[in-house]
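Scroll down for the structure; my scribbles are underneath it.
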Amino acid sequence: MALGEFITPPDREGKEKHVPVIHAPASAKAGEWFEVTVVVGEEVPHPNTPEHHITWITVFYKEDGPRPVYELAHFRPAGVVGDPRVSFRARVDKPGTLIALEHCNIHGLWDSSQRLEVA
Ligand SMILES: [Fe+2]
């Protein structure tokens, strides 16, 4: 089995509350910082209760070519007072794909991705 088999299809009921929305530029300059924000529940807020909440958001980057995927950021909202959104800066050298993965304690894993060109 592969992890991808356990990621919820993006058209599943509840997607508006779970699919992480990536806000990042379409292109960046090699080696220069750019801003990334990932929001869970942007369209419809996700519940944020002790019984039902987002446990973590991780953002990966997969460069074009043979280099394996690597982690850019990992965020754990602080219980019911932490909003499931994260902003950070990153810099990369090659074009590739930003991948956001989040975990809901009831509804499991959801992901999204966005292409990043690098000049
Ligand atoms: Fe959920």
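Please give the calculated 222 nm ellipticity per residue for the chain, where each DSSP H segment of at least 4 residues contributes -39500 (n - 2.57) and the sum is spread over every residue; nearest 500 deg cm²/dmol?
-500 deg cm²/dmol
How high is the relative contact order of region 14-118, in percent, with contacts defined as C-alpha pairs under 8 Å that are six or more residues apart?
Values: 250 pairs, mean separation 36.6, N = 105.
The value is 35 percent.
Compute a Gaussian network model of the chain, connecting alpha carbons closer than 10 Å, and tell me which residue from G31, G41, G65 fluctuates the most.
Fluctuation is largest for G65.
Which GluC sites (Glu not before Pro) in region 18-112 pass both tests, a DSSP loop state and at most 13 other beta-carbon atoms within 10 Å?
Details: sites: E32, E35, E42, E43, E51, E63, E71, E102; in loops: E32, E42, E43, E51.
Qualifying residues, ordered by number: E32, E43, E51.
Where in region 1-31 are there GluC sites (Glu not before Pro) that are in a DSSP coil and have at most 12 other Cβ atoms within 10 angstrom of their Cβ?
Qualifying residues, ordered by number: E13.
Take the chain, connect every pair of alpha-carbon atoms lying under 10 Å apart with a spring to form a Gaussian network, then pick out the residue of R91, R67, R12 with the largest mean-square fluctuation.
R67
Here, each number is a calculation from the coordinates, and none is a lab measurement. None of these values were measured; they are calculated from a predicted model. Positions of Cβ are generated from backbone atoms using ideal geometry, with glycine treated the same way; all protein chains shown enter the neighbour counts.
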